[in-house]
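The values are calculated or read from the model by the stated rules, or taken from the named source; none is laboratory data. All figures in this text were calculated on a predicted structure; none of them were measured in a lab. Heads up, the Cβs are rebuilt from the backbone with ideal geometry, glycines too, and the neighbour counts pull from every protein chain shown. With ligands, DNA and RNA removed, areas are computed over all heavy atoms of the protein, side chains included. Shrake-Rupley method; radii C 1.70, N 1.55, O 1.52, S 1.80 Å.
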Amino acid sequence: EDIPEKSYAEQIAENGEGKVSTYVPFRNGLMLSAVAALAQSIWPDDDVDIVLGAHADDAAGRAYADCSEEFTSAMNTAIIIGTYGKVRVSAPLVNMNKTEVIGTGLKLGVPYRYTWSCYEGREKACGKCGTCIDRLAAFRANHAKDPIEYEED
């Protein structure tokens with residue numbers, strides 16, 4: 001299926017609330033479960049935090065339900081129970097929108113040139129998919145230039 005060349009807000013406005021076409025079934029649940037099992041295997045006696053980068057814009061309109069605070073909290077509870085209290089999930093960005101995430105990262109000196117958001121698997125980011133559109137808008141809102149290369153400026 002082709003990746004829509006629209007922002008998530010536009011997709012939700014057209015199709016209503018609910019998952020978007022780029023949703024991967026239970027992706028964050030699978031990754032969190034696998035990482036929790038691996039963490040407990042490697043550090044069986046230590047307390048371990050798994051840090052999840054989900055943010056509020058991904059959960060908006062239930063586009064990606066597995067990015068919501070509700071999902072993250074439920075997975076944290078399950079992982080705490082399943083690891084005898086040794087592994088837990090931290091989601092520090094879950095209530096921040098992408099503009100706030102980018103702004104916080106800029107203040108902290110995040111090397112954004114090493115980050116990638118695009119859903120197209122090309123040499124350069126496409127600049128047209130929902131995540132590229134939202135990333136570019138977040139940098140603009142912070143009066144900053146995104147340091148990665150895009151196919152179209």
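Relative contact order, whole percent, for the stretch 34-153 stands at 22, derived from Cα pairs under 8 Å and 6 or more residues apart.
Over 24 Å apart at the Cα level, from the set K107/K128; K6/K145; K107/K145, are K107/K128.
Using the Kyte-Doolittle scale, which helices in the chain average at least -1.0 and also have C-alpha atoms spread 20 Å or more along the helix axis, with helices defined as whole DSSP H runs? Membrane-span-like by this rule: 27-42.
Comparing A63, A37, A138 in a Gaussian network model of the chain, where Cα atoms under 10 Å apart are tied by springs, the biggest mean-square fluctuation is seen for A37.
Label positions at S73 and E152, each projected 7 Å from the Cα along the C-beta direction, are separated by 4.1 nm. In the chain, the portion of solvent-accessible area held by carbon and sulfur atoms comes to 53 percent [1.4 Å probe, whole percent, DNA, RNA and ligands not counted]. Between exposed trypsin sites (Lys or Arg not before Pro) in the chain, where DSSP calls loop and at most 13 other Cβ atoms lie within 10 Å, what's the longest gap? Longest site-free region, per DSSP loop and neighbour criteria: 1-121. Ordered by solvent-accessible area of protein heavy atoms (1.4 Å probe), largest first, the residues Y8, Y119 come out as Y119, Y8. Estimated purely from DSSP H runs of n ≥ 4, each contributing -39500 (n - 2.57), the mean residue ellipticity at 222 nm for the chain is -13000 deg cm²/dmol once divided by its residues. With Cα atoms defining each centre, the stretch 1-35 and the stretch 42-64 are spaced 16 Å apart in the structure. Rounded to 0.05, the FRET efficiency of the I80 and R122 pair, given R0 = 41 Å and the Cβ-Cβ distance, is 0.55. Rounded to whole Å, give me the distance from the Cα center of the stretch 92-110 to that of the stretch 113-133. Centre-to-centre (Cα) distance: 18 Å.
Put simply, the C-alpha atoms of the stretch 1-61 give a gyration tensor, and the ellipsoid matching it has half-axes of 33, 12, 8 Å, longest first.
When every alpha-carbon pair in the chain is counted, what percent end up more than 22 Å apart? Above the 22 Å cut-off, the chain has 48 percent of its Cα pairs. Using the 1.4 Å probe convention, the accessible area of the stretch 11-100 works out to 56 Å² per residue with neighbouring protein chains retained. Within straight-line reach of K19, meaning a Cα separation under 18 Å, sit the following aspartates and glutamates at least 8 residues removed in sequence or on another chain: E1, D2, E5, E10, D57, D58, D66, E69, E70, D134. The smallest convex shape that holds all Cα atoms of the stretch 51-99, its convex hull, gives 56 Å³ per residue. Each label point was placed 7 Å from the Cα along the Cα-to-Cβ direction; for S90 and L106 their separation is 2.5 nm. Annotation for the stretch 1-94: GluC sites (Glu not before Pro) lying in DSSP loop with at most 14 further Cβ atoms inside 10 Å of their Cβ are E1, E5, E17.
Loop-located GluC sites (Glu not before Pro) across the stretch 82-153 with a Cβ neighbour count of 11 or fewer within 10 Å are E123, E149, E152, with loop assigned by DSSP. Net length available on complete extension from E1 to V24 is 7.0 nm, with 0.36 nm assigned per residue and the Cα-Cα distance removed.
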